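So the structure is just underneath, and the comments pick up after that.
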Amino acid sequence: MSCWPVPCGKSAAYLVNLRGDTHEWPLGRGGGEMSMIAKNQGNGKLNIHLSDQDSWGGGTGGAVTGETPFVIPLGTQCQRAWHKCQGIDVCSFVPSAFLDGVERYKPDPAQRADWWDAERKQNMVQGDSPLTAVSNFYEFLKGKSCSYRKASGLCDGSPKMRAFGRDATTGLVKKSSDGKSQFIGCSKWAQGEAGHRFVPIDRNIDETLLSELFKRKGTFSPESLEKHRSAIPTNDCCYVIPIRNHKRKDQTCRVRESGLLKRRACNTRITIYAPIDRSDYRALIVLENPHNHPMPACRKVSPKGKSAYQSAILEHGIIGVTSAKVEKAPTTTLVMGGSPESVDPALAVSRSKRKLIQAAKLAAYPQGTGIEGNILKFIIFERLLTGHANHQNPDPSSASVEP
């Protein structure tokens, strides 16, 4: 289930019953059993709402010091936590028809059809836009540092457009093999210093537009926008981002230079009731008010997807594992029962897979996979062998590597 369905026109709730579950849950801060609400937090791994594709936040944490009502369906006194859907941020150029009157009670991929169609058209147009190519090249340059090393350390110069100069014999302007009269150099280059940044300008990059970006600190002039974007309908922008992913300080759209992100608040509320008795592995989930935005794309990996992918990682082996190697490993399909994205659509997102691989490596090698980590592994393995020979139960957690 990618999103919790909201009951329509009737009072209803969802019962989570894990009484027969054999999973070994982590202990709470005081060493005791966690409540079902605590198990829903990041380290509890239950993920009642954390694996839901909508963004939930605010509300309360469900402390027992607060109100503890008697919940009839559970037949016991409960603690309560509630959260609100945080909504979405949308570009100001998103057509109002895309959002007007939206009421989402259950996950409905068809409701996203307009968004997917607009995104497809937008990508087709942008693929032919010189602004897109130049902007991407500029961002690539800004993300790379100069490799020249001075006595004080690496050069901290920034990218700068420089001309090739003129041919001493003909007096003509020199050009690269791609017909460019300029290249990307370093702002702190000095005569006689070899090894500074040198990046040739790609053939499909307009030098005039690139020069404009450097002069205007990353923005195109209104004249350039008017000239090159006349073919892009202003009502075709479909940039939407869940609140949980929007951590940028600026409020501008990544697609439209002049687009501003607007917060679309949502009134959907989720309430979780959990027995105060920690040995009672049940919870009651109540949802109220429909969402006023389409279902987000699947980017949160479900507990089932995490478990399956972790098994595929372990089957491949921790050392040297990457998402590409897991994808190509013949054991992955056997372990997961299909490709990762077929098991959980969120596993199509590279970042999600990298996080799971990183967590697996950290669990297997707390000291890392370098020399120190491997020495620790050897010590633990040696103690296990020694303990087995002496019919003892060694404690691997006591192993350590002295600095």
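The values are calculated or read from the model by the stated rules, or taken from the named source; none is laboratory data. No experiment lies behind these values; they were computed from the predicted model shown. Backbone-built Cβ (ideal geometry, glycine too); neighbour counts: all protein chains shown. We work out accessible area using only protein heavy atoms, side chains counted, and drop any ligands, DNA or RNA first. Shrake-Rupley method; radii C 1.70, N 1.55, O 1.52, S 1.80 Å.
Laid out as a table, the results:
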{"item": "Of all residues making up segment 311-342, the number that are in a helix (DSSP H, G or I) and within 22 Å of residue 364 (Cβ to Cβ)", "result": "19"}
{"item": "Residue check, residue 215 surrounded by fewer than 16 Cβ atoms within 10 Å (Cβ to Cβ) and either over 22 Å from residue 135 (Cβ atoms) or in contact with a His (Cβ under 6 Å, 6 or more places away or on another chain) (or both)", "result": "no"}
{"item": "Residue in segment 275-289 that is open to solvent by less than 70 Å² (accessible area, probe 1.4 Å), within 30 Å of residue 9 (Cβ to Cβ), of a type in the set (Phe, Trp, Tyr) and not in a helix (DSSP H, G or I) present", "result": "no"}
{"item": "Hey, residue 299 open to solvent by 50 Å² or more (accessible area, probe 1.4 Å), at pLDDT below 85, within 26 Å of residue 101 (Cβ to Cβ) and among the charged types (D, E, K, R) or not", "result": "yes"}
{"item": "Sole exception among (1) modelled with pLDDT under 85; (2) open to solvent by 70 Å² or more (accessible area, probe 1.4 Å) for residue 379, by number", "result": "(2)"}
{"item": "Restricting segment 16-45 to residues that are farther than 18 Å from residue 269 by Cβ and not in a loop (DSSP other than H, G, I, E, B), the residue that is modelled with the highest pLDDT", "result": "17"}
{"item": "Number of the exception - residue 310 against (1) open to solvent by 60 Å² or more (accessible area, probe 1.4 Å); (2) modelled with pLDDT under 90", "result": "(2)"}
{"item": "Residue count for segment 343-368, restricted to those that are in a loop (DSSP other than H, G, I, E, B) and either surrounded by 16 or more Cβ atoms within 10 Å (Cβ to Cβ) or on the phi < 0 side of the Ramachandran plot (or both)", "result": "5"}
{"item": "Residue check, residue 223 surrounded by fewer than 18 Cβ atoms within 10 Å (Cβ to Cβ), of a type outside the set (Phe, Trp, Tyr) and not in a loop (DSSP other than H, G, I, E, B)", "result": "yes"}
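Quick grid of which residues meet (1) closer than 27 Å to residue 301 by Cα; (2) of a type outside the set (S, T, N, Q); (3) modelled with pLDDT of 70 or more:
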| residue | (1), (2), (3) |
| --- | --- |
| 3 | yes, yes, yes |
| 47 | yes, no, no |
| 58 | yes, yes, yes |
| 61 | yes, yes, no |
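Rundown of residues vs (1) open to solvent by 30 Å² or more (accessible area, probe 1.4 Å); (2) small (Gly, Ala, Ser); (3) modelled with pLDDT of 85 or more, yes/no style:
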| position | (1), (2), (3) |
| --- | --- |
| 171 | yes, yes, no |
| 185 | no, yes, yes |
| 249 | yes, no, no |
| 271 | no, no, yes |
